[in-house]
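K.L.:
Here it is, the structure, as structure tokens.
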Amino acid sequence: MIEVQNLTKSYSGVRVVNIPALVINKGETIGLIGNNGAGKTTLFRMILDLIRSDGGEVLSKGANVVQNENWRDYTAAYLDEGFLIDYLTPEEYFYFVGSLHQLTRAHVDEKLSTLTEFFNGEILNKRKYIRDLSKGNQCKVGVAACLLQSPELLMLDEPFANIDPSTQIRLKSILKDAAASGNMTTIVSSHDLSHVTEVCQRILLMEKGKIIKDIHTDANTLKELEEYFSVMQ
Amino acid sequence: MTTQFLDHQWKSFWRSKNTGKSIAIRVVLWLLILYFVAIFLVLSFAMDKILGKVFPGQDVIASFNGFILYYFLLDLVMRFQLQELPTLSVQPYLILPIRKKQIVNYLSLSSLSTTFNYSPFILSLPFLLKVVLPQKGGLAFTGILLSLLGLTLFNHFFSLYIKRKVNLNGWVMLLFLGAIGLVSYLDFKWHVISIAAASSWLFNSIITAPALALAVLAFAVGCFYVNYLFLKSNLYLDELRASSSAVKSSTEIPFLDRFGAVGDLVANEVKLILRNKRPKSTLTMSFIFLLYGLIFYTKPQTSTIYWAPIFCGTFITGIFIINYGQFMFSWQSSHFDGILVSKVRIRDFFAAKFLMFTIASTVAYILSTPYTYFGWHILYAHTAMYLWNMGVSSFIVLWFATYNYKKINLSKGASFNWEGVGASQFLLSIPLFVTPLLIFLPFNLLHQQTLGLVVLGLIGMVFLLTRKTWIDLLTKRFNKQRYKIAEGFRNE
């Protein structure tokens, strides 16, 4: 699905991303972890062609994301609140995103009805603009807009950070269901090791721009990761 | 897609916190716009008369033609200063399934709705209809109109292109301003080239062969395309940002150390001013307003009257107090909660503001001393108003600041920026400018102008010497208002 080759990016002389090779297969659920400044978000942004890489390339379904824009049709991502159109109401935003995928309003409503639990009654029909929602609720809007697009590739940057425990559990079950269906490739970054090990089949650990561990999740993974991070203290 | 974008643009305008919340601002804004449109229209209708008077014996159309390129040169400089780049608003669309081509077109199209694109037509259309159409016929009229459109669009996209280049590389700005300066010098000073002649030639040719207008349009299209290609290949988050991320130096101001905790607060505020776009442009504007006196003092009839120096003195020595102080404490709105919970004592907070105002008006006063050239009475008036501003105006500004609940985004430019403007700014100008004139009025009627100035200066001195009392008063007032202010600043 995604192939990264010799990808590098530096900011004022410091290498923030340096990945010689990485292959993510279709249907995998990837957890991306690492301390602040490890390069997770920068990697996300380069996969989404939001920032220019210094060298190397990202291939999505075999096509370079910089030259070919087809990846936009099957990729959905939520990185932070800055990517929401904050002066729209959540409904208006959902309809807009739906319209980009040729979904009628009825279609969008139907899809949103499956997310009622996830929204917990705090998003729809509140007569609020997105900018007036709390960070957690903005995150719900962003994630819902992604799911609405039924993407083949879903990328979420720290989705668990601002949401309440119930929503975290609901989001985890949504991600697990999606992984079970096998149609969706998911990349999730998080600082919460237990969330990541619970949801993801494969975990990439980044440190100073490099992927230093690439492990398949099993019973010992959480312990292994906790050890790594406690050494770092 | 474009209609969707336009719909969003529309919503973003009407739902923005700055638009429309306060009816007073909207009314004033519309009155201003109507005022300018009216002036332009009157100017345009009377243009044949004006041109006839200024260039007697010359055909008005010929004089008009000679002017057009000057207008667009000036227009280019103005756009470069004032036109805002439509940038970050595209961020949400970058990760949605929308092609870059569409986003770039949206950026280009949405930028078109600026006053700069209407003014050439408001300014010329009545003249063209009144003079050119009956004299030269419909084809020539259309030709001129199309070429004006071409030049407008060319300037529009060219200035956007240059501004984007400047964002990536600051030297481009020097190069651009140098080129403009060189052209003006070559024309006005050294008479090597003549823009007037070029302008006449171009538009006379267009009147005789209207098809030439298409060539001008082609220029505009070319510029649009260059802009399009540039944007398309630079549509990246870190490059769209308006500021470059050069290595930031840390500034220390040893002079302020002697004032202790208060000095530290002032140093912080100085950094706030120097490191953010909007307060920085407010500061720049304050320097420009120092030249304000030239408008009044150079006129011989005002040279012996005292009104002008009092008004100008208030303005010049107090420009920073007025210009920066009117948005007090909004400058700190983004970290206002931090100030409230910090160890900063409110008394120190106000003492720091007073100290900053004192330093600023002292600098302005010293810089304004050359105006003495126009008469000693100006120096006296400025001295009186300098004392007045330090004593009284600073207090008035800070008092009004406790009524200001509006948040300000520091990173946006100051020109045409109505963010943070509320009723308190309009009310503020009345006591600031009217009170000194009112005090001076009886002395002027009794022909005791010098005594009037002394009284104004003395009042300022008294306020200065009793500053502790005023700080106490402000602190009390502030403690009552703090929740309301903090609440207002939290609302985006």
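K.L.:
Restricted to region A:103-121, and to residues that are buried (at least 17 other Cβ atoms within 10 Å of the Cβ) and in a loop (DSSP other than H, G, I, E, B), which residue is nearest to the other protein chains (Cβ to nearest Cβ)?
P.N.:
If we take residues in region A:103-121 being buried (at least 17 other Cβ atoms within 10 Å of the Cβ) and in a loop (DSSP other than H, G, I, E, B), then A:Leu103 is nearest to the other protein chains (Cβ to nearest Cβ).
K.L.:
Let me ask something additional. When residues of region A:45-66 are filtered for being more than 21 Å from A:Gly27 (Cα to Cα), within 11 Å of chain B (Cβ to nearest Cβ) and open to solvent by 30 Å² or more (accessible area, probe 1.4 Å), how many remain?
P.N.:
3
K.L.:
Checking A:Gln168 against (1) touching a helix residue (DSSP H, G or I) at 6+ places or on another chain (Cβ under 8 Å); (2) surrounded by fewer than 22 Cβ atoms within 10 Å (Cβ to Cβ); (3) under 24 Å from A:Tyr74 (Cβ atoms), only one condition comes out false. Which one?
P.N.:
A:Gln168 satisfies every listed condition except (3).
K.L.:
Right, here's the next one. Filtering region A:191-206 down to residues that are outside any loop (DSSP other than H, G, I, E, B) and not hydrophobic (A, V, I, L, M, F, W, C), which residue is nearest to A:Ile163 (Cα to Cα)?
P.N.:
Of everything passing the filter in region A:191-206, A:His195 is nearest to A:Ile163 (Cα to Cα).
K.L.:
Taking region A:1-40 on its own, how many of its residues are at pLDDT 90 or above, hydroxyl-bearing (Ser, Thr, Tyr) and either closer than 20 Å to A:Ser190 by Cα or outside any strand (DSSP E or B) (or both)?
P.N.:
Here the count works out to 1.
K.L.:
Go through region B:272-387 and tell me which helices (runs of 4 or more DSSP H), entirely inside it, have 2 or more residues that are touching a Phe, Trp or Tyr at 6+ places or on another chain (Cβ under 8 Å) and aromatic (Phe, Trp, Tyr).
P.N.:
Here the list reads B:292-297, B:307-317, B:319-325, B:346-368.
K.L.:
I'm trying to understand the selection: among the residues of region A:72-102, which are within 9 Å of another protein chain (Cβ to nearest Cβ) and within 30 Å of A:Asn6 (Cβ to Cβ)?
P.N.:
Answer for region A:72-102, where residues must be within 9 Å of another protein chain (Cβ to nearest Cβ) and within 30 Å of A:Asn6 (Cβ to Cβ): A:Arg72, A:Asp73, A:Tyr74, A:Thr75, A:Ala76, A:Ala77, A:Tyr78, A:Leu79, A:Gly82, A:Phe83.
K.L.:
Scanning region B:298-332 for residues that are modelled with pLDDT of 80 or more and of a type in the set (Ser, Thr, Tyr), which turns out nearest to B:Ser361 (Cα to Cα)?
P.N.:
Filtering first and then ranking leaves B:Thr317.
K.L.:
Of the numbered conditions (1) within 12 Å of chain B (Cβ to nearest Cβ); (2) open to solvent by 10 Å² or more (accessible area, probe 1.4 Å); (3) over 18 Å from B:His8 (Cα atoms), A:Lys126 fails exactly one; give the number of that condition.
P.N.:
(1)
K.L.:
Go through (1) of a type outside the set (Asp, Glu); (2) modelled with pLDDT under 85; (3) touching a helix residue (DSSP H, G or I) at 6+ places or on another chain (Cβ under 7 Å) and name the single condition B:Thr142 misses.
P.N.:
With respect to (1) of a type outside the set (Asp, Glu); (2) modelled with pLDDT under 85; (3) touching a helix residue (DSSP H, G or I) at 6+ places or on another chain (Cβ under 7 Å), B:Thr142 is out only on (2).
K.L.:
In addition: Which one of these is at pLDDT 80 or above, open to solvent by less than 70 Å² (accessible area, probe 1.4 Å) and either within 14 Å of chain A (Cβ to nearest Cβ) or within 28 Å of B:Tyr161 (Cβ to Cβ) (or both): B:Gly20, B:Gly66? Steps first, please.
P.N.:
Details: B:Gly20 fails: at pLDDT 80 or above.
It is B:Gly66.
K.L.:
Being assigned by TED's automatic domain parsing to the domain that holds B:Phe157, closer than 28 Å to B:Leu6 by Cα and part of a loop (DSSP other than H, G, I, E, B) narrows it down to one of B:Ser108, B:Ser89, B:Ser119, B:Ser113, so name that one.
P.N.:
Details: B:Ser108 fails: part of a loop (DSSP other than H, G, I, E, B); B:Ser89 fails: part of a loop (DSSP other than H, G, I, E, B); B:Ser119 fails: part of a loop (DSSP other than H, G, I, E, B).
None of the others qualify; the one that does is B:Ser113.
K.L.:
Quickly run through region A:1-44 and pick out the residues that are crowded, with 22+ Cβ neighbours inside 10 Å and over 24 Å from A:Leu225 (Cβ atoms).
P.N.:
Hit for region A:1-44 is A:Lys9, nothing else.
K.L.:
Here's another thing I want to ask about it. In region A:210-224, what residues are at pLDDT 85 or above and aliphatic (A, V, I, L, M)?
P.N.:
Passing the criteria: A:Ile211, A:Ile212, A:Ile215, A:Leu222.
K.L.:
In the list B:Ile144, B:Ile122, which residue meets the criterion of being within 22 Å of B:Val60 (Cβ to Cβ) and open to solvent by 10 Å² or more (accessible area, probe 1.4 Å)?
P.N.:
On the way: B:Ile144 fails: open to solvent by 10 Å² or more (accessible area, probe 1.4 Å).
Result: B:Ile122 is the single residue among B:Ile144, B:Ile122 that is within 22 Å of B:Val60 (Cβ to Cβ) and open to solvent by 10 Å² or more (accessible area, probe 1.4 Å).
K.L.:
How many residues does region B:346-381 contain that are in contact (Cβ under 8 Å) with a residue 24 or more places away in the chain, of a type outside the set (A, V, I, L, M) and farther than 15 Å from B:Ser393 by Cα?
P.N.:
Matching residues across region B:346-381 total 9.
K.L.:
Quick one: B:His191 ticks every box in (1) within 14 Å of chain A (Cβ to nearest Cβ); (2) not in a helix (DSSP H, G or I) except a single one, so which number is it?
P.N.:
For B:His191, the exception is condition (1).
The values are calculated or read from the model by the stated rules, or taken from the named source; none is laboratory data. Owing to the predicted nature of the structure, the values given are computational and were not obtained by experimental measurement. A quick note on method: Cβ atoms are made from the backbone with ideal geometry, for glycine too, and the neighbour counts reach across all protein chains shown. The accessibility values were calculated without ligands, DNA or RNA, using every heavy atom of the protein model including side chains. Shrake-Rupley method; radii C 1.70, N 1.55, O 1.52, S 1.80 Å.
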